[in-house]
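Chemist: Quick one: structure below, then a few questions.
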Amino acid sequence: MSHYFSETEIQRTKPVKYSYIFRDTTYEFITDSGVFSYGKMDKATDMLIRQIPHLEGTLLDMGCGCGCLGIVLAKEYGLTLTQADVNPRALRLTKENAALNNVSSAVTESNAYSKIEGTFDNIVTNPPIHAGKDVVFSFYEGAYRHLNQKGSLYVVIAKKHGASSTIKYIKELFANCEIIHKKGGCYVLHASR
């Protein structure tokens, strides 16, 4: 069976378009079966978008799914955007959605950071919890290696999906991890390089 965090694409396809409003801008996103957050903006991703402060410079959206997180942030703050995912269908949707919302994005197929080159000012992720702890923790390890000095990592994670172990691990890597928002069992975390 194929999962949204898998390189194997499922055959069934049923595209659905939805609208998302952030501040004064309405965004349109196309989603499809076999890609995370089918048919609507995921609540945790929405929380992350709304809690991240003003960003500058470059942004990597790791595990981008249909691309909504990075696209909104890049358009809102005028960021140079790179988006990465392991799922081929997610990458096609990310390209479509970037074009649909007039955002320029360098879209890369990468299993975690395996094909990511260079460093970034900011990295954001709603990690693929169901892929397992090793994969999720590799997202944090890779972020540490791919952030510029004083760069920022922003993560959203649910308490029931390992927020405590995530906070502990990020603190070990970065020597800091701040909870910038907490609601309904979800945490928005920030760590700086």
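The values are calculated or read from the model by the stated rules, or taken from the named source; none is laboratory data. The shown structure was predicted, so the numbers you read here are calculated from the model rather than taken from an experiment. Neighbour counts are summed over all protein chains in view; Cβ atoms, including those assigned to glycine, are modelled from backbone coordinates with ideal geometry.
Chemist: Step by step: first the residues of the stretch 6-29, then only those that are charged (D, E, K, R) and more than 15 Å from Pro88 (Cβ to Cβ), then the one that is modelled with the lowest pLDDT. Which residue is that? Quick ask: steps written out before the conclusion?
Modeler: Looking only at the stretch 6-29, we keep the residues that are charged (D, E, K, R), and these are 7, 9, 12, 14, 17, 23-24, 28.
Still in the running and more than 15 Å from Pro88 (Cβ to Cβ): 14, 17, 23-24, 28.
Numbers: Lys14: 88, Lys17: 96, Arg23: 95, Asp24: 93, Glu28: 97.
Once the filter is applied, the top-ranked residue is Lys14.
Chemist: For the stretch 136-168, what are the residues that are assigned to a helix (DSSP H, G or I), touching a Gly at 6+ places or on another chain (Cβ under 9 Å) and more than 19 Å from Ile49 (Cβ to Cβ)?
Modeler: Listed by number, the residues that qualify are Val136, His146, Lys159, Lys160.
Chemist: Within the stretch 87-106, does at least one residue satisfy the condition of being more than 15 Å from the chain's Cα centre (by Cα), under 24 Å from His181 (Cα atoms) and not basic (Lys, Arg)?
Modeler: No.
Chemist: Quick one: would you say Glu109 is surrounded by fewer than 19 Cβ atoms within 10 Å (Cβ to Cβ), charged (D, E, K, R) and under 21 Å from Phe137 (Cα atoms)?
Modeler: So Glu109 passes the test.
Chemist: Separate question: Taking Glu56, is it surrounded by fewer than 20 Cβ atoms within 10 Å (Cβ to Cβ) and under 23 Å from Ile179 (Cα atoms)?
Modeler: Details: surrounded by fewer than 20 Cβ atoms within 10 Å (Cβ to Cβ): yes; under 23 Å from Ile179 (Cα atoms): yes.
For Glu56, the condition - surrounded by fewer than 20 Cβ atoms within 10 Å (Cβ to Cβ) and under 23 Å from Ile179 (Cα atoms) - is met.
Chemist: Taking the stretch 30-40 as the region of interest, how many residues are farther than 18 Å from Met62 by Cβ and either modelled with pLDDT of 90 or more or touching a Leu at 6+ places or on another chain (Cβ under 8 Å) (or both)? First the steps, then the outcome.
Modeler: As a first pass, look at the stretch 30-40 and keep what is farther than 18 Å from Met62 by Cβ: 30-34, 38-40.
Filter once more, keeping what is either modelled with pLDDT of 90 or more or touching a Leu at 6+ places or on another chain (Cβ under 8 Å) (or both): 30-32, 40.
The total comes to 4.
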